[in-house]
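The values are calculated or read from the model by the stated rules, or taken from the named source; none is laboratory data. The structure displayed is predicted, hence computed values, not measured ones. Cβ atoms come from the backbone with ideal geometry, glycine included; neighbour counts cover every protein chain shown.
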Amino acid sequence: MDDLNKLIHTMDRRRFLQLGAAGLGGMAVSGMAHAQNQKSVPQGAHHAPKAKRVIYLFQAGGPAQVDLFDHKPELIKYHGKDIFSLIKQQGRLTGFNNTHKQHPVINTQYEFKQYGENGGTYSELLPHMAAISDQWTTIKSVSTKPINHDPALTFMQTGHNLPGRPSLGSWLSYGLGTMNRNLPDFAVLVSSGDLPNMQPLNSRLWGAGFLPGKYAGVRMRSGNDPVLFLKDPSEKPITDRRKILDVINEINAKELARSHNPEVETRIAQYEMAYRLQSSVPDLADLSDEPQSTYKLYGEDARKPGTFAYNCLMARRLAERDVRYVQLYHSGWDHHFNLPAHLPKRCREVDQPSAALVTDLKQRGMLDDTIVLWGGEFGRTTFSHDGKVRESYGRDHHAGCFTMLAAGGGFKPGLIHGKTDDFCYGITEGEVPVHDLHATVLHQLGLDHERLTFKHQGRNYRLTDVHGHVVKDLLA
């Protein structure tokens with residue numbers, strides 16, 4: 001980004017006011033110009049966008065693509081046979097499997113059917129998502145590098161397998177600025193099923209990394225206190241709180257002028273955001289204005305704070321209020337053991353609300369400029385986790401190929417992209433590495449992934465590191 005854009009991104013209300021009357025006049029003119037240009041190229045964008053927001057439904061643990069999306073009927077005749085007697089091993093195996101002498105193929109026990117005009121195949125476990133098959137862009141050929149959860153989660157969220165990099169939501173907030181004044185640019189919602197959270201969802205997954213802290217995601221919790229430390233225990237009127245905040249910010253502004261420390265600037269921005277959240281969050285969390293049809297669409301779980309269905313509904317409400325990036329995390333997909341007992345439960349939790357969110361956005365005219373992503377950090381193997389053939393089978397981690405879904409925001413609806421081999425082990429056509437996926441999402445939001453950079457420790461960093469290409473075949 002050039003120096004002018006950096007100045008715009010770091011300017012806050014108080015510093016604008018300190019520019020004086022001439023500055024205010026300039027603000028007014030600039031504001032009018034920005035309002036006119038917002039329809040085409042928003043602040044910080046490199047080209048006209050197709051989308052202006054993202055909702056990412058992240059399924060932590062790795063959904064088993066061969067049991068859900070990527071039907072492999074050939075597995076029936078190979079069930080129980082050692083996969084590496086049939087195909088050549090590529091890459092590393094996890095610590096669970098690298099000592100096994102046999103890696104028996106396990107056929108899925110779930111029925112698949114074709115849906116929609118595109119003939120997409122879905123497992124019986126996802127009837128609602130299957131019913132809107134023609135709305136999804138189904139990418140069967142996503143690949144990643146890490147083979148274990150923590151680095152793979154980090155890689156999918158930040159473009160690198162080591163901690164310390166900004167998340168995708170932070171890059172968007174930094175690159176494009178805010179679309180609203182009363183809520184965060186980047187909101188995070190976490191839910192879980194009945195399995196314990198086997199992969200810790202650390203706040204660094206939605207952190208700002210080396211970007212200024214104000215670009216980090218804000219965790220929105222369930223219940224009566226969605227944002228911690230927001231309530232004022234003194235119960236003072238909001239006018240009194242404004243006076244107190246002005247004094248605090250004046251002290252911080254003097255320290256910022258003295259030290260030029262970006263963390264002081266972040267502190268000022270956080271105080272201002274907290275003040276605005278005190279009035280906007282209660283309205284956001286008040287679902288009394290939702291009609292009965294909402295719960296018919298999303299399911300009755302949408303009434304229960306903390307469920308995936310509730311968080312999908314909250315994601316729509318956040319999107320309506322112009323929050324640019326909403327990240328949902330749903331855990332419990334790490335099915336090394338007894339997959340048949342756990343996978344159906346996960347699917348029941350997410351199937352209806354995932355489809356409902358896409359349908360709801362479309363009905364409200366919001367799907368065209370909202371990208372909805374669905375998927376995990378990697379897929380799962382076709383062969384058994386423990387080297388044995390049993391009805392209560394489990395599957396190991398698999399980075400070589402897995403399925404992700406996208407909808408809206410200029411992605412091509414109904415497209416089925418990429419192919420995998422008969423064992424769902426390797427990609428035979430149309431590979432989409434994670435960096436390419438990130439580059440494509442940024443492109444749809446008006447950003448060139450090679451130009452969206454931040455200088456840190458003498459180097460210009462970007463989300464896609466030194467990789468990435470826009471996959472134009474995915475786009476309408």
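Please go through the stretch 128-142 and pick out each residue that is touching a residue at least 24 places away in the same chain (Cβ under 8 Å), touching a helix residue (DSSP H, G or I) at 6+ places or on another chain (Cβ under 9 Å) and of a type in the set (Gly, Ala, Ser). If you could, list the steps in order and put the result at the bottom.
To start, the set of residues in the stretch 128-142 that are touching a residue at least 24 places away in the same chain (Cβ under 8 Å) comprises 128-129, 131-142.
Next, from what is left, pick out any that are touching a helix residue (DSSP H, G or I) at 6+ places or on another chain (Cβ under 9 Å): 128-129, 131-132, 135-137, 139-140, 142.
Across the stretch 128-142, the qualifying residue is only Ala131.
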Tell me, which residue of the stretch 91-142 that is of a type in the set (A, V, I, L, M) and farther than 21 Å from Ser392 by Cα is modelled with the lowest pLDDT? Leu93
Can you give me the number of residues within the stretch 103-138 that are farther than 18 Å from Cys424 by Cα, of a type outside the set (A, V, I, L, M, F, W, C) and part of a loop (DSSP other than H, G, I, E, B)? 5
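Those residues that are of a type in the set (D, E, K, R) and without any contact (Cβ under 8 Å) to a residue 60 or more places away in the chain, I need them from the stretch 68-81; list them, please. It would help to see each step written out before you state the result.
We begin by selecting, within the stretch 68-81, every residue of a type in the set (D, E, K, R); these are 70, 72, 74, 77, 81.
Within the stretch 68-81, Lys77, Lys81 meet the criteria.
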Residue hits (the stretch 377-428; outside any loop (DSSP other than H, G, I, E, B), farther than 27 Å from Ala355 by Cβ and more than 25 Å from the chain's Cα centre (by Cα)) are Phe383, Ser384, Thr428
Could you list, in sequence order, the residues of the stretch 430-476 that are within 20 Å of the chain's Cα centre (by Cα) and assigned to a helix (DSSP H, G or I)? Val434, His435, Asp436, Leu437, His438, Ala439, Thr440, Val441, Leu442, His443, Gln444, Leu474
Selection count where residues are in a loop (DSSP other than H, G, I, E, B) and farther than 30 Å from Gly177 by Cβ, scope the stretch 291-324: 6
Which of the residues that make up the stretch 94-113 are free of Cβ contacts under 8 Å to residues at least 24 places away in the same chain and either surrounded by 13 or more Cβ atoms within 10 Å (Cβ to Cβ) or within 13 Å of Lys72 (Cα to Cα) (or both)? Glu111, Lys113
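State yes or no: is Phe454 touching a residue at least 60 places away in the same chain (Cβ under 8 Å) and closer than 24 Å to Ile87 by Cα?
Details: touching a residue at least 60 places away in the same chain (Cβ under 8 Å): yes; closer than 24 Å to Ile87 by Cα: no.
No.
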With criteria (1) crowded, with 16+ Cβ neighbours inside 10 Å; (2) at pLDDT below 95, Val29 comes up short on (1)
Taking the stretch 183-196 and the residues there that are within 11 Å of Leu318 (Cα to Cα) and modelled with pLDDT under 95, the one that is surrounded by the most Cβ atoms within 10 Å (Cβ to Cβ) would be Pro184
